[in-house]
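Structure record follows, encoded as structure tokens.
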Ligand code: GAP
């Protein structure tokens with residue numbers, strides 16, 4: 001974990017928020033390469049969830065919602081941790097993490113247990129009173145539920161179908177740590193999949209398999225993934241069943257994504273509090289019902305951490321340590337690096353720059369001429385760049401360049417004019 005945290009900071013993937021002020025607890029910023037990785041991950045999810053399916057629409061709802069939403073969803077009353085404080089060292093613990101009546105850190109006396117709601121509060125408008133109280137959403141899901149009818153009507157959708165959304169969520173987490181794993185501001189990728197009651201268990205199984213194989217498709221080692229079904233007493237207040245997809249993080253097996261059967265809980269609650277009829281009318285059977293919902297809910301930040309941990313490699317090559325990120329090509333922040341071997345030979349520089357101009361219209365590329373070739377390769381390996389293109393003296397006469405593969409380190413000599421086609425083929 002230390003190696004990953006250090007690489008993230010050194011190479012511009014993830015920085016602590018407000019670092020120059022000593023940092024803000026459990027809030028993180030994505031640097032230049034982290035921002036690219038995050039975009040690629042979101043694209044991969046959106047592509048497979050929305051574009052590759054006939055039965056899912058996208059949505060981008062606001063973070064701020066009517067306060068009644070959180071009454072209906074149960075978050076105002078049930079989204080709570082039970083906490084105790086140590087009177088000695090002042091540390092705070094979740095009650096389930098404490099055995100006995102003493103502080104697990106210093107042995108000091110503990111306060112009475114009290115409830116702590118995890119939602120972050122804010123006020124809308126100029127007057128800060130109860131009436132202006134609002135929340136930063138703790139899950140993106142509710143934006144989907146309240147728009148269920150809008151999507152059915154505007155897109156003429158028939159059940160079963162789903163609505164997918166990626167967006168920020170906020171939780172005033174008490175137990176934090178392990179970098180972005182548990183943050184107070186994070187991003188979720190969620191689908192609410194609406195089905196006819198009675199077909200929910202079948203769809204639940206399907207989504208568990210679908211989401212499990214998605215991580216493998218994008219490069220996570222199968223042995224580092226497992227499914228864990230929730231016991232009845234750990235189910236969220238809205239769920240009839242839930243399976244976590246867990247990843248073997250450097251700090252142990254932990255949740256990456258949860259697939260829950262939310263039943264008709266949310267739509268029913270919104271019907272109750274809004275007074276609006278959110279039932280679905282099935283043309284074929286002339287039946288009216290409240291759909292059940294299967295919810296695959298993953299975290300972008302946790303996924304990034306898992307993809308980084310899973311792709312991290314250390315090996316010895318010709319007596320030297322090589323660190324590389326064997327990221328799936330579609331996730332790699334930089335797709336190709338253009339490396340001129342002699343930066344003071346104008347013809348080499350000209351050819352290298354013309355390749356860069358050609359490639360940058362299609363791929364995120366990087367140009368680097370600031371070190372020896374061995375060093376340049378190592379820099380790119382460490383950030384997961386799948387291809388390095390070197391332009392050398394011979395390139396001037398044979399009009400060819402060398403393309404080196406990150407994982408096999410094999411080199412191909414190909415025509416400079418064909419680099420774009422070569423890479424397009426590799427990224428298919
Ligand atoms: N809508 C359902 C829901 O929010 P959850 O299990 O609380 O369910 C879903 O969250 C996913 O969101 C988790 O599997 C995790 O990947 C991510 N997540 C939740 N809390 C997080 C946090 N504090 N920091 C980073 N990711 C978090």
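Descriptive notes on the structure:
- Filter result for residue 118 (within 25 Å of the chain's Cα centre (by Cα), within 16 Å of the ligand (Cβ to nearest atom), farther than 18 Å from residue 61 by Cα and surrounded by 13 or more Cβ atoms within 10 Å (Cβ to Cβ)): yes
- Residue 252 being within 16 Å of the ligand (Cβ to nearest atom), closer than 30 Å to residue 327 by Cα and without any contact (Cβ under 8 Å) to a residue 12 or more places away in the chain: yes
- Summed over segment 278-313, the residues that are away from the ligand (no atom under 16 Å from the Cβ), assigned to a strand (DSSP E or B) and in contact (Cβ under 8 Å) with a residue 12 or more places away in the chain give a count of 5.
- Test result for residue 273, away from the ligand (no atom under 13 Å from the Cβ), buried (at least 19 other Cβ atoms within 10 Å of the Cβ) and modelled with pLDDT of 95 or more: no
- Residue 267 passes every criterion in (1) within 15 Å of the ligand (Cβ to nearest atom); (2) part of a loop (DSSP other than H, G, I, E, B) apart from (2).
- Listed by first and then second residue, the pairs linking a residue in segment 174-191 that is more than 16 Å from residue 298 (Cβ to Cβ) to a residue that is near the ligand (Cβ under 8 Å from one of its atoms) and part of a strand (DSSP E or B), with Cβ atoms under 7 Å apart and 6 or more places separating them unless they lie on different chains, are 175/182; 176/182.
- Options 333, 291; residue that is surrounded by 22 or more Cβ atoms within 10 Å (Cβ to Cβ) and closer than 30 Å to residue 150 by Cβ: 291
The values are calculated or read from the model by the stated rules, or taken from the named source; none is laboratory data. Computed from a predicted structure; not experimentally measured. Because the Cβ atoms are built from the backbone with ideal geometry, glycine has one as well, and the counts that use them run over all protein chains shown.
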